[in-house]
1. Given a Förster distance of 45 angstrom, what is the FRET efficiency for Glu194 paired with Leu6, based on the Cβ-Cβ distance and rounded to 0.05?
2. May I ask for the net charge around Phe40, where only other residues with Cβ less than 12 Å from the Cβ of Phe40 are counted and Lys, Arg are +1 while Asp, Glu are -1?
3. Would you mind telling me the share, in percent, of accessible area of the stretch 75-123 contributed by carbon and sulfur at probe 1.4 angstrom?
4. Take every Cα pair under 8 Å in the stretch 21-100 that's 6+ residues apart, average their separations, divide by the length, and report that relative contact order as a whole percent.
5. Starting with the highest mean, order 237-250, 17-30 by the number of other Cβ atoms within 10 Å, averaged over the residues of each peptide.
6. Rounded to the nearest 500 deg cm²/dmol, what is the calculated helix-only ellipticity per residue at 222 nm for the chain, with -39500 (n - 2.57) per DSSP H run of length n ≥ 4?
7. If you roll a 1.4 Å probe over the heavy atoms of the protein chains, what accessible area per residue do you get for the stretch 6-119, in Å²?
8. So what are the radius of gyration and Dmax for the Cα set of the stretch 1-56, in Å?
Amino acid sequence: MSSEELARYSATFTKLATELDRSLDRSWPTHEQARFILAFLHRRLLTGGYDAACHDPRRAFDRGEFNCVGSTLLFHCLAAHCGLESHAMLITGHVWCRVDSREHSYDVETTNDRWRPEDKLSSNIDLHEVRALDTDGMVALVYYNRSVVELEQRDYLAAIEACRAVLELDAEADIARDNLTAAYNNWAVQNSEEGHHPEALKLLAEARAIAPHDERLKANARRLYARSYEAHLAAGEYLAASEIVAAAVTEFPDDDYFVAARSQLLSKRVFELLQFGNAVPLPQPGV
């Protein structure tokens, strides 16, 4: 975002907050203030309708479009500006805002402009899985949604950067850690399919460092080792093939495919020594 865009969005929000200040009666009960703020937000800004795929809060300012993340972030900022104590509540697939008063807490479904204080959360929500977020956590959700979009568009570098930003803001965001693993893994697969085998193995190693016990990544590692070995073998690059096999045998010592590949390469190099007398000896695994 450019500095000019940031200034424009900031000015728009400040204008809204000032307008809200003039119309909100601070003597009202907390739940009435919350209801007023939510109705004001939908009347003055969130006019373009709900869109679950609206992962960029800027669309609220540009076109009035929103999802639960954008509406919760904006409601929280307005509520905090008005002196209400609020924070976001997160569960997988949904986020809303909780406003606290001395006597009660009110869960505000920020996507619903007709929310009432007596409304209850859906019976499908397991309250034991709910996690409260501070302001950094809410900003992290914006980056997380961006990572989802980048993953879908196969812009893996951008997805990785967005996930890293999430985890810097919210170390407990396991969903971002999962996306980070997926980005490295999918980027590795893409590189392997394009013939960039060293890059593929390096990227997959990054994924496995994040999730060392993930059996799916382990299975992918075996496939990428095999694919890399076969590509080097087909190109007659026996030294490179032997290095891949040595690494694979170290990681998968009981895998018949790689054990047989190592024997095949040794036989190939012995034949070259006998045939030409000038072949480079194969490196031995573990030496």
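1. On the way: r = 37 Å, r/R0 = 0.83.
Step by step, r from the Cβ atoms, then E = 0.75.
2. On the way: positive: Arg22, Arg35, Arg43, Arg44; negative: Glu19, Asp21, Asp113.
Local net charge: +1.
3. Working: 1110 of 2630 Å².
The C+S portion of the solvent-accessible surface of the stretch 75-123 is 42 percent.
4. Working: 100 pairs, mean separation 19.0, N = 80.
Once normalised by length, the contact order is 24 percent.
5. On the way: 237-250: 19.4, 17-30: 12.0.
Averaged packing, sorted descending, gives the order 237-250, 17-30.
6. Details: 11 runs with 177 residues, N = 287.
Result for the chain, helices only: -20500 deg cm²/dmol.
7. Numbers: 5610 Å² over 114 residues.
On a per-residue basis, 49 Å².
8. 13.9, 40
The values are calculated or read from the model by the stated rules, or taken from the named source; none is laboratory data. If you're wondering where the values come from, they're calculated on a predicted model, not measured in any experiment. Positions of Cβ are backbone-derived with ideal geometry, glycine not excepted, and every protein chain shown enters the neighbour counts. The area values use the complete protein model at the heavy-atom level, side chains included, leaving out ligands, DNA and RNA. Shrake-Rupley method; radii C 1.70, N 1.55, O 1.52, S 1.80 Å.
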